[in-house]
């Protein structure tokens, strides 16, 4: 017989039309319920039989066997062990975990962060600070020698209290576990020792699990379950540096080899023209290897058919240019090579209008005039603007002219126009130095140089410092006209670019070039050792922002704070730049960056070296070889 409660359940299970029948007997209801139960049991049995033949995800990933011992787990044919970190040094640099990440081993990593309320930590720190201060005061009263360890601990605690109170830092308890795999117990022990030695070299102490092998293995599974619970106190900064996945990879399928990735010894291969712009900036102290790195890029880019144009202030690229069969143009007062600042681009497309071209040329030449004669008044600015338009008009260069058949004016023509204008005497007087005086041989001649080589280098070494900004400005303008005349894959290297950043007009000109060059398949590389002069200028900051490639090498302590602020460097990256050796630094490509070491082959090194000792040895070897040939003849 059924209990009353079972009869109520039976009533709920009966079909609606049977529920409405009020005259079912208890026996009939029992039979109906028995049928329902039998049907349910049959369905459950069928489901059980079906599921027995179905393979689940858990069946696929589950090991065939698992043997747990005191210090490791035998997982089928693999030996598995977990290593955990128990103590960190006072200071750790960003990327300290990269050597473990980049080991050629199979490993599972797990990092757990448990936030702790600041109020709890502040209360504990208050007690610790009080105890340390009392101890230091007691030692001072007794005349005991000072204890540097306790003083350092006190300073650290006070700083942490300030940061926690201001919300600059937060506090965590962290756990770091590494589960490693080996084909044999001997291999497992060797890997364990290698990891412990690597961590120990950074003063990070670790231990192997003991009677917790299963808990360690479970803690590194993707289940977010920390069964070990071996925790270390940390604030935000060191906790962030403990994040393991910091190894950057800048290897692509095509491009130029820039150097070796110091994180993982991979190759940094990159095509600068694959980014949103092909511009690059290089900052380093003198002797850090910046010119060496760029010459290496130049040499390798030539092999890909890229045309290279170099502005060389110190004659550093002469040896490379000669070896690569390039054209070396010496720009000086007594040189035969001349560039006319009044030149116009030969052709910049069917849509370009002559009046727009002339207006752009006037603006550019006006910037040069300001560099030549110094500060000018608004009235003088207006006179110069009108005189430049009349200078071009004197040569029949107007909005209706055919610019492909014109003869550009020279500086002497401009001076003659000014001499015929009222209130221009002061400008003419300052201009005569460049047309009739000491500097007459630089900017007062028609252009007679050609850029019909894959590698063209302009040298301004023999110019006085006063004339170098003018010469570089004129050369860059000439190159820009050539670039706009015919679209090709080109790189323009401006070494010691700080010369152009000293005055607003030249800085504005180089910024406009960097901003517009992408449309003409040109990449501009600006190199400087005077970081402060470059970055303090608003145009210098803009040039950095418009350069997708950035190479930072060894920096001076005086400039490192400005560099850190500009490039958003971490403390670890800051110290890396301060301590970098020759040819080492940080390479930025778009959103990625990595520590780099520039490496050249022996043959490349012989072509691009700037070391005076090596250059003397090379010249001596050439001389001895020539003498031996003469003796043989």
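The values are calculated or read from the model by the stated rules, or taken from the named source; none is laboratory data. Since the model is a prediction, treat every value here as computed from it, not as a measurement. Reconstructed Cβ throughout: ideal geometry from the backbone, glycine too, with neighbour counts over all protein chains shown.
Here are the numbers:
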{"item": "Residue selected from the stretch 557-573 under the condition touching a residue at least 24 places away in the same chain (Cβ under 8 Å) and part of a helix (DSSP H, G or I), by the criterion farthest from the chain's Cα centre (by Cα)", "result": "558"}
{"item": "For residue 136: the one exception among (1) in contact with a strand residue (DSSP E or B) (Cβ under 9 Å, 6 or more places away or on another chain); (2) without any contact (Cβ under 8 Å) to a residue 40 or more places away in the chain", "result": "(1)"}
{"item": "Index of the failed condition, residue 128 passing every other in (1) touching a helix residue (DSSP H, G or I) at 6+ places or on another chain (Cβ under 7 Å); (2) surrounded by 15 or more Cβ atoms within 10 Å (Cβ to Cβ)", "result": "(2)"}
{"item": "Some residue of the stretch 448-463 being touching a strand residue (DSSP E or B) at 6+ places or on another chain (Cβ under 7 Å), surrounded by fewer than 22 Cβ atoms within 10 Å (Cβ to Cβ) and more than 17 Å from residue 337 (Cβ to Cβ)", "result": "yes"}
{"item": "Conditions (1) closer than 30 Å to residue 469 by Cβ; (2) more than 26 Å from the chain's Cα centre (by Cα); (3) surrounded by fewer than 16 Cβ atoms within 10 Å (Cβ to Cβ); number of the one not met by residue 287", "result": "(2)"}
{"item": "Cβ pairs under 8 Å, 6+ apart, first in the stretch 34-48 and without any contact (Cβ under 8 Å) to a residue 24 or more places away in the chain, second surrounded by 10 or more Cβ atoms within 10 Å (Cβ to Cβ) and assigned to a helix (DSSP H, G or I)", "result": "36/13"}
{"item": "Selection count, the stretch 206-244, where residues are in contact with a helix residue (DSSP H, G or I) (Cβ under 8 Å, 6 or more places away or on another chain), within 18 Å of residue 71 (Cβ to Cβ) and not in a loop (DSSP other than H, G, I, E, B)", "result": "2"}
{"item": "Boolean, residue 347 is at pLDDT below 85, outside the structural domain of residue 97 (by TED's automatic domain parsing) and touching a strand residue (DSSP E or B) at 6+ places or on another chain (Cβ under 9 Å)", "result": "no"}
{"item": "Subset tally (residues that are under 19 Å from residue 91 (Cβ atoms) and over 39 Å from the mean Cα position of the chain (by Cα)) for the stretch 122-164", "result": "1"}
{"item": "Residues of the stretch 173-187 satisfying the condition of being surrounded by fewer than 21 Cβ atoms within 10 Å (Cβ to Cβ) and either part of a helix (DSSP H, G or I) or touching a strand residue (DSSP E or B) at 6+ places or on another chain (Cβ under 6 Å) (or both)", "result": "173, 174, 175, 181, 182, 185, 186, 187"}
{"item": "1 or more residues modelled with pLDDT of 85 or more: qualifying helices (runs of 4 or more DSSP H) within the stretch 466-531", "result": "468-485, 504-516"}
{"item": "Selection count, the stretch 261-300, where residues are assigned to a loop (DSSP other than H, G, I, E, B) and within 19 Å of residue 457 (Cα to Cα)", "result": "1"}
{"item": "Residue satisfying all of: in the stretch 269-284; more than 22 Å from residue 535 (Cβ to Cβ) and touching a strand residue (DSSP E or B) at 6+ places or on another chain (Cβ under 6 Å); surrounded by the most Cβ atoms within 10 Å (Cβ to Cβ) among these", "result": "270"}
{"item": "Tally of residues being over 24 Å from residue 463 (Cα atoms) and part of a loop (DSSP other than H, G, I, E, B) across the stretch 301-324", "result": "5"}
{"item": "Failed condition for residue 146, given (1) part of a helix (DSSP H, G or I); (2) exposed (fewer than 12 other Cβ atoms within 10 Å of the Cβ); (3) modelled with pLDDT under 85", "result": "(1)"}
{"item": "Residue selected from the stretch 574-587 under the condition assigned to a helix (DSSP H, G or I) and in contact with a helix residue (DSSP H, G or I) (Cβ under 8 Å, 6 or more places away or on another chain), by the criterion surrounded by the fewest Cβ atoms within 10 Å (Cβ to Cβ)", "result": "578"}
